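The values are calculated or read from the model by the stated rules, or taken from the named source; none is laboratory data. Because the structure is a prediction, the values reported are computed rather than measured. Neighbour counts run over all protein chains shown; Cβ positions are idealised from the backbone, glycine included.
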Amino acid sequence: MRKVTLVRGARQLLTLRGSSGPRRGAELGNLGLIQDGAVLVVDGLIHQVGPTRRIENLALVRQADEIDASGCVVMPGFVDSHTQLVGGPARMLDFELGLAGASAEQIAEAGGGALAQARAIEDLSPHTLEALARKAIEEAVRHGTTSLETRSGLGITAAGETKILRVQAALKKQLISPVSTFLSARFSPEFENPDSYLDWICSHWLPLVSRRKLADFVEIRCETGSFALPQACRFLTCARQLGFALKIETGLQPVPGAIRLAVELAAASVSHAIGATEQDARLLAESPTIATLLPGAVFFAGTEQYAPARMLIDYGAAVALASGYNPETRSSLNMQMMLAFACKSMHMTPAEVVTAATLNAACALGQASQVGSLEAGKSADLLIFNVSDYREISYHLGSNVMNRVIKNGVLIAERSEVKWPAL
């Protein structure tokens, strides 16, 4: 027997229906808004979307379980297209020393830093790492994320990265199945220099990851202290020959030319885009590469050097929003807060940030045919917010205004009400 659910009476229903590709320019603000809207779900897929009065007259509604969304905003689930979920426990020593002004070298001397985190990953069991990652996913869900990506890169050594990729593969068995990315963030201390590391990774590691199907995407960090453009080009060209989809992370201190390289290699996305120039914006506007902006990363770094979102949008570049979460330096999976940051610090509009965090983010992961908008045939991933106007979602900085989260037609999170005692 079919499972039928009707979500009815939404004060504002944001469908984002339309073209399947990423939205650009003025279209980024087109939410496909329906006043007093309803969504009919059959067996986990969206069957019909439209005004409540029309949807309620469909024959299938007679066998539907109803969810009353009266006075609320209903929209697609958030797609968080840039996270590192598998990284072990939070780095409290690094956090405290960083607040005191310690440099990366001083933190490492005190027993913290990237190498300490990599050692912790090697020491923890896969079961423990998976349990910690699942807790992170639950936190993301509570704030409205229904699809996400997770990348490696924190393991550094071959043993650590192998463990992370295997845990990421195990996470795919859950209801929320993360897209897996292999990230080469820095060359391993097991090798003398970046070139010897790249020799090994191109001849041995990437073919192994491909054979074992441990990653959907391959990414490299083009940032001061990581990899130079020729090294990144070599790595990504090898990955492309093996059939991987590509990404580039430019970091908080990007190497000039990284965005051009992403466009030339037809990368699915280039993240951060800090310091992007008008020429970069023109290149992105003429390409399918999506600029994934991470305002949370800038906030936690305390640099105030946000990506020039307004300029990118005005030139026609496709932009997405993501949390940039990792347990070391960026501790929030609250996509509602990322929307607020994007409005307040990157001058995006409340409508633009909704599209950037749903449909465009789904495009960045190659999943726009399944998620990112509320259209017939797509997965029934819906959010119901305790607000009457979608602009409130990015207005309440740090608050969780979520009412219910629905994934594949299944209610997976519900915010409980405060129970005041009788006076």
Taking first residues from the range 160-174 that are more than 10 Å from P126 (Cβ to Cβ) and free of Cβ contacts under 8 Å to residues at least 60 places away in the same chain and second residues anywhere that are surrounded by 21 or more Cβ atoms within 10 Å (Cβ to Cβ) and of a type outside the set (F, W, Y), the pairs with Cβ under 6 Å that are 6 or more apart or on different chains are G160/A118; G160/I121; E161/S152; E161/G155; L165/S152
Any residue in the range 361-382 that is in contact with an Asp or Glu (Cβ under 9 Å, 6 or more places away or on another chain), on the phi > 0 side of the Ramachandran plot and at pLDDT 95 or above? yes
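Take the conditions small (G, A, S), surrounded by fewer than 22 Cβ atoms within 10 Å (Cβ to Cβ), within 27 Å of A228 (Cβ to Cβ) and out of contact with any strand residue (DSSP E or B) (no Cβ under 6 Å at 6 or more places or on another chain) and apply them to A114. Does it pass? Show your work before the answer.
On the way: small (G, A, S): yes; surrounded by fewer than 22 Cβ atoms within 10 Å (Cβ to Cβ): yes; within 27 Å of A228 (Cβ to Cβ): yes; out of contact with any strand residue (DSSP E or B) (no Cβ under 6 Å at 6 or more places or on another chain): yes.
Considered against the rule, which asks whether it is small (G, A, S), surrounded by fewer than 22 Cβ atoms within 10 Å (Cβ to Cβ), within 27 Å of A228 (Cβ to Cβ) and out of contact with any strand residue (DSSP E or B) (no Cβ under 6 Å at 6 or more places or on another chain), A114 comes out as yes.
Within the range 87-110, can you find the residues that are touching a Gly at 6+ places or on another chain (Cβ under 8 Å) and either free of Cβ contacts under 8 Å to residues at least 60 places away in the same chain or on the phi > 0 side of the Ramachandran plot (or both)?
Passing the criteria: L93, L97, A104, I107.
The rows are residues; the columns are (1) in contact with a helix residue (DSSP H, G or I) (Cβ under 6 Å, 6 or more places away or on another chain); (2) among the acidic types (D, E); (3) closer than 14 Å to A380 by Cβ.
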residue: L6; (1), (2), (3): yes, no, yes
residue: T15; (1), (2), (3): no, no, yes
residue: A26; (1), (2), (3): no, no, no
residue: V74; (1), (2), (3): no, no, yes
residue: G77; (1), (2), (3): no, no, yes
Restricting to the range 167-220, and then to whatever is among the basic types (K, R) and touching a helix residue (DSSP H, G or I) at 6+ places or on another chain (Cβ under 9 Å), can you tell me which residue is nearest to V79 (Cα to Cα)? K213
Can we say L40 is surrounded by 16 or more Cβ atoms within 10 Å (Cβ to Cβ), in the same structural domain as I156 (by TED's automatic domain parsing) and not in a helix (DSSP H, G or I)? no
Members of the range 117-158 that are among the small types (G, A, S) and buried (at least 20 other Cβ atoms within 10 Å of the Cβ): A118, A133, A136, A140, G144, S147, S152, G153, G155
Of all residues in the range 414-423 being of a type outside the set (F, W, Y) and outside any strand (DSSP E or B), which is farthest from H143 (Cα to Cα)? L423
Please work out which residue is nearest to the chain's Cα centre (by Cα), limiting yourself to the range 11-42 and to residues that are within 17 Å of S369 (Cα to Cα) and charged (D, E, K, R). R23
Close pairs (6 angstrom Cβ cut-off, 6 or more residues apart or separate chains): of a type in the set (S, T, Y) in the range 58-86, in a strand (DSSP E or B) anywhere: S70/G9; S81/E149; S81/T292; S81/A320; T83/L148; T83/T150; T83/Y325
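Among E138, E130, E122, E149, which is among the acidic types (D, E) and in contact with a Lys or Arg (Cβ under 8 Å, 6 or more places away or on another chain)? Please lay out each step first, then the result.
Working: E138 fails: in contact with a Lys or Arg (Cβ under 8 Å, 6 or more places away or on another chain); E130 fails: in contact with a Lys or Arg (Cβ under 8 Å, 6 or more places away or on another chain); E149 fails: in contact with a Lys or Arg (Cβ under 8 Å, 6 or more places away or on another chain).
Just a single option satisfies the conditions, and that option is E122.
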For residues that are closer than 30 Å to S269 by Cβ and of a type in the set (V, I, T), tally how many sit in the range 1-33. 1
